[in-house]
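Before any comments, here is the structure.
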Amino acid sequence: MSLISLKFLIFVVIAVVGYYLIPKKYQWIWLLVFSYIYYISSGVKIVFFLVFSTAVTYMTGLLLQKSEEKESTLGKKKIKARKRKIITLALLLDFGMLGILKYTNFLLGSIGSVLGSSVPEFDFLLPLGISFYTFQSAGYVLDVYWGKCKPERNVFKFALFVSFFPQLMQGPIGRFETLAVQLYARHSFDGQRIERGVRRILWGYFKKLVIADNAAMFVNSIFGNVDQYSGLAIIGVLAYSAQLYGDFSGGIDVVSGIACLFGIDLDENFRRPYFATSITDFWHRWHITLGTWMKDYIFYPISLSKWMSRFGKKARKKLGKQIGRALPICIANIIVFLVVGIWHGAAWKFIVYGLYNGLVIGISGMLAPQFRQWKNALHINDKGKGWMVFQILRTFVLVNISWFFDMASNVPDALKMMRYAVTKFEISELFTAGIIPLGNNNPKYIMLVIATILFGCAVLFVVSVFQERGLTEAELYRKVPFALRCLCYVAILFILPVLGAVPVTSGGFIYAQF
Amino acid sequence: MRNFKRTFFVVIILIFCVAVTNVANYVIIPYSYARITMHNIASEEHDILYVGSSHGLCGIDPDIVEENTGESGINLCFGGEYLRDSYYMVKEAASHHTPKKIVYELDPGYWVSPENQNGDFGRLYYEMPLSKTKCQYFFAKMLDADFRTIIFPWYNYRSQLLRIKDTVKIKGSQEYDEYDPAYFNDIVESYRKSGMIYRNRIEGEKSFDNFVLWDEKNIQEISKTYFEKLKVFCDEKGIELIVITTPIPRETQEMYEQQYADADQYFRTYFEKQKVEYYNFNYMDLGGFNRALSEFADGEGHMYGDTAEKFSGILANTLKNQ
């Protein structure tokens, strides 16, 4: 069920109306039923994987708690070993399922290309949102294992935590301690909350339909025909910047708005990422829930592990204090981003994408003292606006380099496009026949599409500047009379069909394929 | 009081939105052949209904078939028509008059590609009179479409904003009231009352724009589902169902020989199981019919009008000698 289909909107309206009409104690059951209806609508077979993941993590939570209760009789050491076995098995089952379904063919293909022969591929079903709910479930069992939260005893309530329909397809990856409480709580109808939800949904559709889908037309043509549009490589990657942000953050706005209609606040996934002043900062603002998941469940366990501290000590002895201290963090970052890359998809380009980010962050961390020295030597005022703008632009360029790997068909194409981006620029190629699908080769129409993307980006930029300065939308809207607010919503509603593109892939969201 | 005011205001806003949308529908949605098609199936009685894709739309002239067989017909094919659309078109037509035959023009590419939003189904849905079939079509297809297609029917035509003056003018004219197809005639093509589009011979490069090759791996179950529904419907109503694949340029077939042969094999087996006659004109002796690329408007296989007339003669003989 596409997020922009009429069916989905009607589904949401029925779910919301019913949610506030039924007795409050049944609200979570209502949500569970609708979540499963939503998931089943994409195929009955794929429900097996969701149920499997739910069952494994639910049982693990209970087993971990049971083991803990036996601590006084069996002893701390024995219990620790038992818990470790349980968590290892649970993670193997959870990630094993994801790995087999998502990465088997990639591995077989890679082995085949190394051996120079073709290896038969499996026709695996890739369930919707599997990467998201697997990570969410794994986060839960690790939290229970580390004693950060108590396991949920009611299997149906737990099933809701894993399957809550707005966030099932493209996140955000929720945490049990913040999400579960809201899911099981009783919510009263709140007009202001509904308005906030509707507003967020409209804003999400604006980003997706007006910015992302219009930009996608150029992106698909340019990245799909690298040599034909070699003079547009730079425009292609800039359009992809707009498309990816509009698509992913727009989708998140839509799902967060829907969750808001049920009285539930999902974790924020974006915080004006293109205003980031470094790649590290970028990852604190882009796909935040994945970033924090990686930080909590991979980065810290690696960087605080015994073997890493031993390695750090050795490195400090052999390489000096400064490098010795930074090297373990650098390695942990590279591992984290390697996983981020693999999470994005089963292809070498994603592995390179992850490694690139890890290396930039790792090396920047190691060279941080040198950067400080150079800054001092050049008398750069790092509190000044000029320096900040430079940092933002520098980060934007670095991020765009990573987008080449993310969007190109493969690594050689990405490298070729990078080369074209700095050696060729031919704006006239923008008006080549066929760059926009559906036979719209009229230069006026192409200009109109470009103007629409620029208009969308300009609106997004202005809103982002206000938000960056600390002005929240709630504050902004509180000052506007109700009637004017309604007219604004109507205006946005009519902008969607006027300026929004026909979705190239029937309304698909990029991250919904994960 | 404050709540009442707010509710009242919201209602006013909703009425305003509906009014704006209706005005926009009138001034932006152009006069289309879908209006004539829908009028014709309601007001005329036909022996044969031709359904299928744009290949059928440009390749089958029901008037030529009638001249040869004595069986009248109407071409209900349209660009981007999937089996789900064909099924509801047939149902709508049969609700006015039960035909003797349904000829389904099969383009294998449509069986292996997911339904997209680029077809003309929005036009046909919009022009379809309010009926039980329209409601069923809504739940079966439109509900899955982009919400803008339904809430703002003018959305698919927003690129024609500059033609508002023409649209308003034609909608107030006698041509529009009388469902005159002459309005659609231009240098590229003309629209026949029987539903066929006659492509004129014009110079230019021949494109391969919407070409989808057959690959059994990609078969869409929904196509099978709706074909089987169509078969059941025809059996229940005593309508004969015939499937055809129109000729494509020989050059295209040679270029993708294996894929076309695989598709032919697949459909022969499938339709045999379904007990439905299948004629693939790319693997039949068509006498003197010229299948050179020069006889087609593009490499995909959209016939020029004169080629379509010759082919329709062959089709008529096939239907007669069945």
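The values are calculated or read from the model by the stated rules, or taken from the named source; none is laboratory data. All values reported here derive from a predicted model rather than from experimental measurement. As a convention, Cβ positions derive from the backbone with ideal geometry for all residues, glycine included, and neighbour counts pool all protein chains shown. For accessibility, only protein heavy atoms count, side chains too; no ligands or nucleic acids. Shrake-Rupley method; radii C 1.70, N 1.55, O 1.52, S 1.80 Å.
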**OP:** Any chance you could check the Cα centroid distance between segment B:7-36 and segment A:346-375 for me, in angstrom?
**Re:** 54 Å
Original post:
Of B:THR167, B:SER43, A:VAL422, whose Cα points farthest to the positive end of the dipole of the protein assembly as shown (charges on the beta-carbon: +1 Lys, Arg; -1 Asp, Glu; origin at the Cα centre)?
Top reply: A:VAL422
Subject >> segment A:170-213: equivalent-ellipsoid semi-axes (sqrt of 5 x gyration tensor eigenvalues, Cα, Å) >> reply: 26, 17, 5
Original post:
Averaged per residue, what accessible surface does chain A expose to a 1.4 Å probe, in Å²?
Top reply: 47 Å²
Original post:
Considering every pair of different Cα atoms, what Kirkwood radius, in Å, is found for segment B:122-237?
Top reply: 18.5 Å
Subject >> Total formal charge among the other residues, if their Cβ is under 10 angstrom from that of B:HIS96, Lys/Arg +1 and Asp/Glu -1 >> reply: -3
Original post:
Expressed as a whole number of Å, what is the distance separating the alpha-carbon centroids of segment A:22-77 and segment B:130-154?
Top reply: 37 Å
Original post:
Roughly what % antiparallel, to the nearest 5, for the DSSP beta bridges in the protein assembly as shown?
Top reply: 25 percent
Original post:
Longest span of chain B, sites excluded, free of trypsin sites (Lys or Arg not before Pro) in DSSP loop with at most 12 other C-beta atoms within 10 Å?
Top reply: B:1-200
Subject >> Options A:SER42, A:LEU93, A:GLN170, ranked by Cα towards positive dipole end of segment A:6-187, top entry (Cβ charges) >> reply: A:LEU93
Subject >> Packing-based ranking, highest mean first, of A:454-466, A:2-14 given that Cβ atoms within 10 Å are counted >> reply: A:2-14, A:454-466
Subject >> Percentage of interatomic Cα-Cα distances in chain B larger than 24 Å >> reply: 56 percent
Original post:
Within chain A, what is the longest stretch that has no GluC sites (Glu not before Pro) placed in a DSSP loop and near at most 14 other beta-carbon atoms within 10 Å?
Top reply: A:269-425
**OP:** Could you work out the local net charge near A:CYS260, counting Lys and Arg as +1, Asp and Glu as -1, over the other residues with Cβ closer than 13 Å to its Cβ?
**Re:** -3
**OP:** Please state, as a whole number in µm²/s, the translational diffusion coefficient that the Stokes-Einstein equation yields for segment A:290-407 at 10 °C and 1.306 mPa s, with Rh defined as the Kirkwood radius across alpha carbon pairs.
**Re:** 100 µm²/s
Subject >> Reachable lysines from A:LYS375, criterion Cα separation under 22 angstrom, eight or more residues apart if same chain >> reply: A:LYS321, A:LYS383, A:LYS385
Subject >> Average projection area in nm² (convex hull over Cα atoms of segment A:369-514, one quarter of hull surface) >> reply: 14.4 nm²
**OP:** Find the Cα radius of gyration of the protein assembly as shown, compare it with 2.2 N^0.38 Å by division, and give the number to two decimals.
**Re:** 1.07
Original post:
Kirkwood Rh, segment B:5-134, all Cα pairs: how many Å?
Top reply: 16.5 Å
Original post:
At a Förster distance of 25 Å, what's the computed FRET efficiency of A:GLU68 paired with A:LYS313, Cβ-Cβ distance as r, to 0.05?
Top reply: 0.15
**OP:** Assign unit charges at the C-beta atoms only (+1 for Lys and Arg, -1 for Asp and Glu), then state the dipole size of segment A:66-159 relative to its Cα centre in Debye, rounded to the nearest 20.
**Re:** 860 debye
Subject >> Check: segment A:156-224 dipole with +1 on Lys, Arg Cβ and -1 on Asp, Glu Cβ, in debye >> reply: 160 debye
**OP:** Give the whole-number value, in cubic angstrom per residue, of the convex hull volume spanned by the C-alpha atoms of segment A:217-339.
**Re:** 158 Å³
Subject >> With 10 Å bins from 0: P(r) over segment A:296-358, alpha-carbon pairs, percent >> reply: 25, 40, 27, 8
Original post:
Using a simple charge model, +1 on the beta-carbon of Lys and Arg, -1 on the beta-carbon of Asp and Glu, nothing else, what dipole does segment A:6-187 show about its Cα centre, in debye to the nearest 20?
Top reply: 860 debye
Original post:
Can you give the translational diffusion coefficient of segment A:1-57 in µm²/s, computed by Stokes-Einstein from the Kirkwood radius over Cα pairs at 10 °C and 1.306 mPa s?
Top reply: 127 µm²/s
Original post:
What percent of all Cα-Cα pairs in segment A:97-239 falls in each 5 Å bin, counting up from 0?
Top reply: 2, 8, 10, 11, 11, 14, 15, 12, 8, 6, 3, 1, 0
Subject >> 28 Å Cα-Cα threshold exceeded, pairs from A:LYS80/A:LYS306; B:LYS141/B:LYS165; A:LYS80/A:LYS318 >> reply: B:LYS141/B:LYS165; A:LYS80/A:LYS318
Original post:
Hey, what angle do you get for helix B:221-237 against the long axis of chain B, alpha-carbon based, 0 to 90 degrees rounded to 10?
Top reply: 80 degrees
Original post:
A:LYS479 to A:VAL44: extension gain in nm, 0.36 nm per residue of separation minus the Cα-Cα distance?
Top reply: 151.8 nm
Original post:
Just the projected area, averaged over all directions, of the convex hull on the alpha carbon atoms of segment A:6-187: how many nm²?
Top reply: 13.4 nm²
Original post:
Mind checking which helices in chain A clear 24 Å along their axis (Cα) and have mean Kyte-Doolittle hydropathy of -0.5 or more, DSSP H runs only?
Top reply: A:47-69, A:76-115, A:233-261, A:321-344, A:348-377, A:385-407, A:443-468, A:482-499
Original post:
In whole Å, what is the distance between the alpha-carbon centres of segment A:283-334 and segment B:292-318?
Top reply: 69 Å
Subject >> Buried solvent-accessible surface, both chains (B, A), 1.4 Å probe, Å² to nearest 100 >> reply: 2300 Å²
Subject >> With every protein chain in place, the protein assembly as shown: carbon and sulfur % of accessible area (1.4 Å) >> reply: 61 percent
**OP:** At a Cα cut-off below 18 Å, give the lysines reachable from A:LYS157, other chains included and same-chain residues fewer than 8 away excluded.
**Re:** A:LYS24, A:LYS25
Original post:
Pairing the Cα long axis of helix B:2-28 with the longest principal axis of chain B, what angle in degrees results, from 0 to 90 and rounded to the nearest 10?
Top reply: 40 degrees
**OP:** Quantify how strongly other chains surround peptide A:2-9 by giving the mean number of their Cβ atoms within 10 Å of each of its Cβ atoms.
**Re:** 5
Original post:
On average, how many beta carbons from a partner chain sit within 10 Å of the beta carbon of a residue in B:148-158?
Top reply: 4
**OP:** Among A:GLY116, A:VAL141, A:SER221, flag the residue with its Cα farthest along the positive direction of the charge dipole of chain A, charges on Cβ as +1 for Lys/Arg and -1 for Asp/Glu.
**Re:** A:VAL141
Subject >> Expected 222 nm ellipticity per residue - DSSP helices of 4 or more, -39500 (n - 2.57), all of the protein assembly as shown, to 500 >> reply: -20000 deg cm²/dmol
**OP:** Would you tally the net charge around A:GLY345, using a Cβ to Cβ cut-off of less than 11 Å, leaving A:GLY345 out, and scoring K and R as +1, D and E as -1?
**Re:** +1
**OP:** Return the distance in nm (one decimal) between the two label points of a simple spin-label model at B:SER294 and B:GLN174, each offset 7 Å from Cα along Cα→Cβ.
**Re:** 4.4 nm
**OP:** At most 12 other Cβ atoms within 10 Å and a DSSP loop assignment: could you name the trypsin sites (Lys or Arg not before Pro) in segment A:365-470 that fit?
**Re:** A:LYS383, A:ARG469
Original post:
If you take the Cα atoms of segment B:168-228, find Rg, then find the Kirkwood Rh from the mean of 1/r over all pairs, what is Rg/Rh?
Top reply: 1.18
